[in-house]
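Single-structure report; data block below.
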Amino acid sequence: GSPLTWVIPWARLGSGPLHPGGLYLDWGQGPTPSTAFGDRMGSSPPSGVEPGSLTIGPQDPYQTSYHIPFYGYRWITRLLALACYAILLMPGFLQVAYHYFFSPQVRRSIVYGDQPRNRLDLYIPPPTSAGLKPVVVFVTGGAWIIGYKAWGSLLGLQLAERDIIVACLDYRNFPQGTISDMVRDVSQGISFVCNNISAFGGDPNRIYLMGQSAGAHISSCALIEQAIKESRGERISWSASQIKAYFGLSGGYNLFNMVEHFHNRGLYRSIFLSIMEGEESFEQYSSGIRLKEPRVRKAASLLTHIVLFHGSEDYSDTGNDKTFAEALQGVEVKTDLIIYNGKTHTDLFLQDPLRGGKDELFDHIVSMIHANDSDGLSKDAVAPPRRRLVPEILLKLAGKVSPF
């Protein structure tokens, strides 16, 4: 008959077997604060929780306990590493941010859909020449959780200098959305660009799709899904064959190979499964596997040219690029796999562009886009080297602490 009172009798920090590397919360009810406190002081943790874990309760005799994963030190260390990484690269980020907010070439937050975060940024080249310009639709990464359209601002500004329009898409991240929402958002953003880019000076017949990291995964799913719909004769708002080429940068294309990797890196299995809508959805959102389905072969004929880029020191790769390239070649899609020796997950997208000067990846993409554009090629030949935005010592240190 005594009132039940919530208490926090004691707490210790550590890890346990339920969620290795995490923290644990365990609470319960006791007849009075003093009785509950006395019941737990100095006693052993509940069964299934290692000594040294964070526990709160429970108290006998009214035991009601819960073990809640509080994803601790791995997330904390990753966040600290991310903070250090950002601070080291801050000289470059501040310069890019200034242009992002104040340059007349950047048109921010154009609405492309009716869902939250259905926005895109457009990077428009200076009006130095007449005619419609090629377009790159870029989908940024961010582990499906911290992606944002502004992460593509450096790429957008640099490609705009080469007379290329860039559309950086935003999309719902987890937990605001799961993988099907992300793919749907990206597809809708591509549709908006395909149907409206001519109003901004872009050529709807020269549209390229590019994704980085998680953005490469999402955009590849959107492209293949669109090709499947098109091959079935379904009503569509944009055509997969309208995409001149797809550039996948440091992407993952087989979820079955990724779940353990990300779990060990701090994106725990339970969260990963929530993002991907359970293991039963892995095949649908694994581009490299889906292409092996017999019914997808007709859809594959609508894909034009796929180019996959990866660094040899990028340990986020678990053979994804190679197996995806083999799957594409197996259905007779023109595919190139380009490996950059010594490059990490962030070198190709951040450190190298911030370093300035010659950049193999950037030059390769520009040369492909301008392959049949003699005017563009002639301008590329005399383009000044890109200026350095961050001192070399800071770039080296950033590479050492990068959490990616």
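Look through the stretch 219-252, keep the residues that are of a type in the set (A, V, I, L, M) and assigned to a helix (DSSP H, G or I), and return whichever of them is nearest to G147 (Cα to Cα).
Only one residue tops the list, namely A222.
Need at least 2 residues that are assigned by TED's automatic domain parsing to the domain that holds I164, under 17 Å from F247 (Cα atoms) and at pLDDT 90 or above per element, so show me which helices (runs of 4 or more DSSP H) inside the stretch 285-404 make the cut, counting only ones lying wholly within it.
The qualifying helices (runs of 4 or more DSSP H) are 320-330, 360-369.
Take the stretch 223-243 and flag every residue that is among the hydroxyl-bearing types (S, T, Y) and touching a residue at least 60 places away in the same chain (Cβ under 8 Å).
Within the stretch 223-243, S231, S239, S241 meet the criteria.
State all residues of the stretch 186-223 that are over 25 Å from the mean Cα position of the chain (by Cα), among the hydrophobic types (A, V, I, L, M, F, W, C) and closer than 13 Å to I164 by Cβ; if no residue qualifies, say none.
Matches in the stretch 186-223: F200 only.
Considering only residues that are over 24 Å from the mean Cα position of the chain (by Cα) and over 20 Å from N205 (Cβ atoms), which ones fall in the stretch 120-135?
The answer is P126, P127, T128.
Among the residues of the stretch 195-214, is there at least one that is within 20 Å of G278 (Cβ to Cβ) and out of contact with any Cys (no Cβ under 6 Å at 6 or more places or on another chain)?
yes
Kindly establish whether S213 is touching a His at 6+ places or on another chain (Cβ under 8 Å) and over 28 Å from A383 (Cα atoms).
Yes, satisfied.
Limited to the stretch 119-147, what total is found for residues that are over 15 Å from I218 (Cα atoms) and of a type outside the set (D, E)?
17
Which condition from (1) surrounded by 24 or more Cβ atoms within 10 Å (Cβ to Cβ); (2) closer than 17 Å to Y123 by Cβ; (3) of a type in the set (D, E, K, R) is the one that D185 breaks?
Looking at each condition in turn, D185 falls short on (2).
Select from the stretch 83-102 the residues that are modelled with pLDDT of 95 or more and of a type in the set (G, A, S) and list them in ascending order.
Scanning the stretch 83-102 gives G92, A97.
Among the residues of the stretch 345-364, is any farther than 20 Å from S153 by Cα and surrounded by 18 or more Cβ atoms within 10 Å (Cβ to Cβ)?
No - not one qualifying residue is present in the stretch 345-364.
The values are calculated or read from the model by the stated rules, or taken from the named source; none is laboratory data. This is a predicted model, so every value here is computed, not measured. Note that each Cβ is placed from the backbone with ideal geometry, even for glycine, and that neighbours are counted across all protein chains shown.
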